[in-house]
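Notes follow the structure.
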Amino acid sequence: MPELYALADLMVLPSHGEGLPLGVQEAMLSGASVVVSDDPAFRDGLTGMPGVRFARTAEELLAASRLTLASPTPRAWVREAAAARWGLEPFLDAYERARVAPEGMSTRNPCRIWRLNRAIDYCD
């Protein structure tokens, strides 16, 4: 999908009540701007992000889409903001915070998991 999103100038998602879909995150990680419905889940996850517009009605959706296409946010800005929020580094940081490791021990070794404060190597 990243290749298809990279070809898109805009993703429009008028749905309500489905949380923040991965498709929106994937589109933005590819640099595409998005126009989404004014849903609380979209507001919570996307407010302040570059390349995002919200719409309450079909008319607003059309107007926001036209405005975005006429004056697009640079793809690099969208991509960088999305990567800072949903990219690999923030994911690994959150994952590491969720894992338990003894004081001062790294959890970034992809072949090691920590279980009950002892290392288990599983890539042998």
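The values are calculated or read from the model by the stated rules, or taken from the named source; none is laboratory data. None of the values given here were measured: they were computed from a predicted structure. Cβ coordinates were reconstructed from backbone atoms using ideal geometry, including for glycine residues, and neighbour counts include every protein chain displayed.
Applying the criterion of being in contact with a Gly (Cβ under 8 Å, 6 or more places away or on another chain) and of a type in the set (A, V, I, L, M, F, W, C) to the residues of segment 65-81, the residue that is surrounded by the most Cβ atoms within 10 Å (Cβ to Cβ) is V78.
When the strands (runs of 3 or more DSSP E) confined to segment 44-124 are screened for residues that are at pLDDT below 80, those reaching at least 2 such residues are found at 112-115, 118-121.
Comparison of R53, R43 shows that the only residue that is surrounded by 12 or more Cβ atoms within 10 Å (Cβ to Cβ), under 13 Å from M11 (Cβ atoms) and either of a type in the set (D, E, K, R) or free of Cβ contacts under 8 Å to residues at least 12 places away in the same chain (or both) is R53. I'd like the residue in segment 1-25 that is of a type in the set (G, A, S) and in a loop (DSSP other than H, G, I, E, B) and, out of all such residues, is surrounded by the most Cβ atoms within 10 Å (Cβ to Cβ). For segment 1-25, the residue satisfying everything is A8. Taking into account only those residues within segment 20-33 that are out of contact with any Ser or Thr (no Cβ under 9 Å at 6 or more places or on another chain) and without any contact (Cβ under 8 Å) to a residue 24 or more places away in the chain, which is nearest to V78 (Cα to Cα)? Selected residue: V24.
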